[in-house]
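Here's the structure, in structure tokens; my notes come after.
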Amino acid sequence: MATGYLNAVDAAALDVELMSTPGFSLEQLMELAGLAVAEAVYQGIPSLSDSTKKRKILIVCGPGNNGGDGLVAARHLYFFSHYDCVIVYPKRSKKDHFFNLVKQCEDVDIPILDEMPTDIDSYDAIVDAIFGFSFQGEPREPFASILHQLIDDVQIISVDVPSGWNVDEGDMAGLGFVPDILISLTAPKLCSKQFTGRHYIGGRFLPPKMAKKYNIQVRNKQMRSILYIITSYIYDRYADLQEINSLTRSHIRFLFIQQ
């Protein structure tokens, strides 16, 4: 039976396999992931009715691939036209692709800060793109302090895994950091069973044979862009949640069903 949840070992193995068997490049996967994050922000933090005003979104990026997803998301949100984004990127990767992602954000005048701003309460939402499924141990500085700052009244959107959580066991370090929204990429990770907030699943590129191998069921019948809201705790309890079909961008679809 398809569980829909990936543990840390399987999540890492799936990533490696995606970049070998179907031949996806890291850049492709990061672009798909970042676009998924931007779409989730678009749905979770709707644009203001006054078209002259924009939502303020703070995107906190870590040094790894999760941070790269955040950089891509910021660029897409800029082109959605309803958001003013600011990036916090304290530990920048020196890899060429990440350098290019930073340059792409700078080219559209997205501010990139080295530390958290003092006015985080003025933002409509904060995107947590710090740590992904490969994270182990406890957060180190400057991210330990940043995560404590995120325990506030501002809406938090975590990318793939809430930062600081053990991918299999959840908040083992007792940080008390729980986002309002989680955007799982490709499939939810095992720790998301403990998450009861608004949960988006992003990604429609997984080959059927690979999905079957990892016990992931992805429904891929409709050819329009669909965003499903589920909770990762017990799906059947939320069977009455309505599907959200307001997104019509044909280049990506969010659609995931757990059994």
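Every number here is computed from the coordinates shown, using simple stated rules; none is lab data. This one's a predicted model, so the numbers in the text were calculated from it and none came from an experiment. Cβ coordinates were reconstructed from backbone atoms using ideal geometry, including for glycine residues, and neighbour counts include every protein chain displayed.
In terms of the mean number of neighbouring beta-carbon atoms within 10 Å, the peptides 84-93, 182-191, 121-130, 56-65 order highest first as 182-191, 56-65, 121-130, 84-93. In this calculation the C-beta distance from E141 to V9 is compared with R0 = 30 Å, giving a FRET efficiency of 0.60.
Counting alpha carbon pairs within less than 8 Å and at least 6 residues apart, what relative contact order, in whole percent, applies to segment 83-138?
40 percent
Bridgeable lysines around K103 (alpha carbons under 25 Å apart, same-chain partners fewer than 8 residues away excluded): K54, K56, K91, K94, K95. Go ahead and run the numbers for FRET between Q149 and E27, Cβ-Cβ distance against an R0 of 30 Å, rounding to 0.05. Approximately 0.45, to the nearest 0.05. For the pair V108 and D180, label points projected 7 Å from Cα toward Cβ lie 2.3 nm apart.
Note on K53: aspartates and glutamates with a C-alpha under 13 Å away, same-chain residues under 8 apart excluded, are D84, D124.
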